[in-house]
Ligand SMILES: Cc1cc2nc3c(=O)[nH]c(=O)nc-3n(C[C@H](O)[C@H](O)[C@H](O)COP(=O)(O)OP(=O)(O)OC[C@H]3O[C@@H](n4cnc5c(N)ncnc54)[C@H](O)[C@@H]3O)c2cc1C
Ligand code: SF4
């Protein structure tokens with residue numbers, strides 16, 4: 001997603017020019033227009049639509065009340081990373097296919113990349129930063145360290161938030177249950193066995 | 001993503017009034033399909049109406065024994081509901097076979113029914129696709145069509161309906177409750193989705209401005225003996241190559257009643273009534289299950305890369321029926 005300034009420029013441009021002018025003014029687009037399909041037409045029509053306003057959203061993030069001014073298109077993931085600078089939550093596929101962006105919303109694990117920040121007014125969000133700190137780790141964070149449950153670490157915040165959500169849900173009885181119920185988190189380094197061990201340890205100690 | 005305005009509706013009426021008959025506005029539930037499609041510029045609504053605050057989150061048993069599931073019940077809550085697990089295990093299993101725990105925590109009942117196909121050409125705006133852009137052609141018919149349908153296809157589109165939950169709902173003769181400015185109406189689940197025919201862009205009979213409020217599952221005592229089997233390229237977090245939702249009522253080894261619906265093979269959730277009929281008054285044996293599977297699949301049409309599907313679907317039906325068919329053969 002474009003940052004706020006770029007958005008404003010895009011949006012302002014769209015306000016003041018018509019579709020025709022837009023095509024005439026934009027050389028790159030002119031080339032594309034020669035193969036105009038109805039979807040490019042649709043896109044151009046969208047670009048000339050009026051700019052939607054910014055929204056004010058208030059949510060509790062890791063115990064702190066936050067009020068944000070956001071473009072309605074902002075996902076919770078982008079709001080966390082770009083607006084609140086909580087970069088612990090990772091952007092992987094950005095399409096719900098990898099689980100790197102997993103956070104807890106009102107205690108439930110979700111993919112923050114497919115969730116609009118606008119829909120988070122009044123909710124409680126917990127990210128990896130809110131679970132624990134290096135000096136005061138959450139048991140799941142400690143167990144991941146102890147069991148070496150990662151290699152590159154990119155998927156780890158999502159894995160840990162997902163694992164915390166999994167134990168709270170309480171449906172995992174066997175190793176296979178844990179594997180199945182962690183399948184929404186892909187680990188490219190293949191640390192799955194150690195992730196399983198870490199989760200089991202926390203489950204047993206609970 | 002293209003710009004849109006966002007509003008949150010607090011009541012059904014507010015949501016219905018807000019959407020009016022504006023075909024450029026959309027409701028948003030879990031957002032797991034809509035936001036994905038908006039990121040790809042496949043869906044470009046100018047307004048989103050957030051319906052997640054509506055009072056449509058209950059699972060109720062009605063006086064007649066039917067179960068009414070609110071449109072906003074999350075897939076995970078429905079899957080783990082005690083009544084659903086006991087009375088309709090196929091529905092619980094189908095839900096748990098779909099997507100991931102995070103996505104199921106977000107996805108709503110109505111959103112799941114309305115999710116769009118996962119055909120990779122539909123998602124690729126550089127490629128022709130009749131569903132996305134009517135008249136542009138179908139890239140899959142002569143393309144890489146391994147995931148595509150073998151039942152209900154047309155020369156315009158061969159995409160599967162991707163939902164697991166819907167396969168169980170088709171088997172269970174669910175009823176969809178709808179509200180709009182014109183009042184309320186219900187649609188039988190089997191009449192809700194459309195095969196592509198000449199208009200693959202029309203996927204169901206929901207009219208602009210209509211809000212799905214609930215799905216009702218008629219009481220069906222023998223559905224406590226039911227299951228859902230899904231075959232896919234990896235063990236989890238993957239769409240079906242083939243799947244089957246089945247229920248059997250067996251007395252003294254003789255089948256009294258059967259339900260069979262298929263996923264991964266049809267352009268809509270695929271109910272197999274003729275195959276069900278063929279099982280009645282028969283013994284619950286592997287041979288009879290096999291003959292029923294042949295009937296279910298008698299109209300298949302395969303394409304270059306999915307010629308394996310009829311055999312796989314047949315085995316899926318047989319093993320699902322065997323799982324609940326007792327040790328009779
Ligand atoms: C990575 C990934 C893997 C997946 N794997 C599977 C799988 O294996 N099996 C499977 O079955 N599914 C799978 N899914 C799909 C998932 O189940 C759907 O995305 C989800 O069910 C959609 O529900 P939602 O509430 O998020 O819908 P939304 O995205 O909110 O809405 C979908 C559509 O429904 C409309 N809508 C929503 N609610 C209403 C209402 N009450 N009335 C009228 N219109 C409404 C919206 O306007 C929109 O057009 C997967 C999804 C992803 C991203
Ligand atoms: S199968 Fe359907 S969705 Fe896929 S490319 Fe063809 S028309 Fe589009």
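Going residue by residue through the stretch A:152-162, is there one that turns out to be in contact with a strand residue (DSSP E or B) (Cβ under 6 Å, 6 or more places away or on another chain), surrounded by 19 or more Cβ atoms within 10 Å (Cβ to Cβ) and not in a helix (DSSP H, G or I)? Taking every residue of the stretch A:152-162 in turn, none turns out to be in contact with a strand residue (DSSP E or B) (Cβ under 6 Å, 6 or more places away or on another chain), surrounded by 19 or more Cβ atoms within 10 Å (Cβ to Cβ) and not in a helix (DSSP H, G or I).
Inspection of the stretch B:105-112 finds no residue satisfying the criterion of being within 12 Å of chain A (Cβ to nearest Cβ), within 16 Å of ligand 2 (Cβ to nearest atom) and on the phi < 0 side of the Ramachandran plot.
Consider residue A:168 carefully, then state whether it is over 20 Å from residue A:126 (Cα atoms), in the same structural domain as residue A:132 (by TED's automatic domain parsing) and modelled with pLDDT of 95 or more. So residue A:168 does not fit the description; no.
Quick check, is residue B:233 within 14 Å of chain A (Cβ to nearest Cβ), more than 16 Å from ligand 2 (Cβ to nearest atom) and farther than 19 Å from residue B:91 by Cα? Give the derivation first.
Details: within 14 Å of chain A (Cβ to nearest Cβ): yes; more than 16 Å from ligand 2 (Cβ to nearest atom): yes; farther than 19 Å from residue B:91 by Cα: yes.
So residue B:233 fits the description; yes.
Starting from residues that are more than 9 Å from the chain's Cα centre (by Cα) and at the interface with chain B (Cβ under 9 Å from one of its Cβ atoms), keep the ones in the stretch A:100-109 and report whichever is farthest from residue B:102 (Cα to Cα).
Pass one, the stretch A:100-109, residues more than 9 Å from the chain's Cα centre (by Cα): A:104-109.
With at the interface with chain B (Cβ under 9 Å from one of its Cβ atoms) added as a condition, the list becomes A:105, A:108-109.
Numbers: A:105: 11, A:108: 8, A:109: 5 Å.
Result: A:105.
Looking only at the stretch B:67-96, which residues are outside any helix (DSSP H, G or I) and out of contact with any helix residue (DSSP H, G or I) (no Cβ under 9 Å at 6 or more places or on another chain)? Hit for the stretch B:67-96 is B:68, nothing else. Does residue B:149 meet the test of being touching a strand residue (DSSP E or B) at 6+ places or on another chain (Cβ under 6 Å), more than 26 Å from residue B:44 (Cβ to Cβ) and away from ligand 2 (no atom under 13 Å from the Cβ)? When the stated conditions are applied, residue B:149 does not pass them.
For the stretch B:93-104, the tally of residues that are within 14 Å of residue B:228 (Cα to Cα) and in contact (Cβ under 8 Å) with a residue 24 or more places away in the chain stands at 5. Among the residues of the stretch B:212-221, is there at least one that is in a loop (DSSP other than H, G, I, E, B), surrounded by fewer than 18 Cβ atoms within 10 Å (Cβ to Cβ) and more than 15 Å from ligand 1 (Cβ to nearest atom)? For the stretch B:212-221, residues in a loop (DSSP other than H, G, I, E, B), surrounded by fewer than 18 Cβ atoms within 10 Å (Cβ to Cβ) and more than 15 Å from ligand 1 (Cβ to nearest atom): present. Quick test for you: out of A:111, A:60, A:45, pick the one residue that is touching a helix residue (DSSP H, G or I) at 6+ places or on another chain (Cβ under 7 Å) and at pLDDT 95 or above. Unique residue meeting the criteria: A:111.
Looking across the stretch B:113-128 at every residue that is in contact (Cβ under 8 Å) with a residue 24 or more places away in the chain and crowded, with 24+ Cβ neighbours inside 10 Å, the one that is farthest from ligand 2 (Cβ to nearest atom) is identified as B:117.
One line per residue, one yes/no per condition, for (1) more than 18 Å from residue A:184 (Cα to Cα); (2) not in a loop (DSSP other than H, G, I, E, B):
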position: A:73; (1), (2): yes, no
position: A:81; (1), (2): yes, yes
position: A:86; (1), (2): yes, no
position: A:89; (1), (2): no, no
position: A:109; (1), (2): no, yes
position: A:143; (1), (2): yes, yes
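Here the condition is being in contact (Cβ under 8 Å) with a residue 60 or more places away in the chain and away from chain B (no Cβ under 14 Å); of A:139, A:134, A:157, it holds for A:139 alone.
Which residues, counting only those in the stretch B:113-159, are part of a helix (DSSP H, G or I), closer than 28 Å to residue B:314 by Cβ and within 14 Å of another protein chain (Cβ to nearest Cβ)? If the condition is that a residue be part of a helix (DSSP H, G or I), closer than 28 Å to residue B:314 by Cβ and within 14 Å of another protein chain (Cβ to nearest Cβ), then B:120, B:121, B:122 are the ones that fit. Of all the criteria given as (1) closer than 14 Å to residue B:196 by Cβ; (2) crowded, with 21+ Cβ neighbours inside 10 Å; (3) more than 10 Å from ligand 2 (Cβ to nearest atom), the one not satisfied by residue B:95 is (1). Which residues, taken from the stretch B:35-45, are more than 16 Å from ligand 2 (Cβ to nearest atom) and within 9 Å of chain A (Cβ to nearest Cβ)? Those that are more than 16 Å from ligand 2 (Cβ to nearest atom) and within 9 Å of chain A (Cβ to nearest Cβ): B:35, B:38, B:39, B:44. Inspect the stretch B:225-237 for any residue being under 30 Å from residue B:315 (Cβ atoms), more than 16 Å from the chain's Cα centre (by Cα), at pLDDT 95 or above and away from ligand 1 (no atom under 16 Å from the Cβ) and give the result as yes or no. Yes, the stretch B:225-237 contains a residue that is under 30 Å from residue B:315 (Cβ atoms), more than 16 Å from the chain's Cα centre (by Cα), at pLDDT 95 or above and away from ligand 1 (no atom under 16 Å from the Cβ).
Scanning the stretch B:13-51 for residues that are closer than 22 Å to residue B:174 by Cβ and either away from ligand 1 (no atom under 11 Å from the Cβ) or assigned to a loop (DSSP other than H, G, I, E, B) (or both) turns up B:29, B:30, B:32, B:33, B:51.
The values are calculated or read from the model by the stated rules, or taken from the named source; none is laboratory data. Every value quoted in this text rests on a predicted model; they were computed, and no experiment measured them. Glycine also receives a Cβ, built like all others from the backbone with ideal geometry; neighbour counts cover every protein chain displayed.
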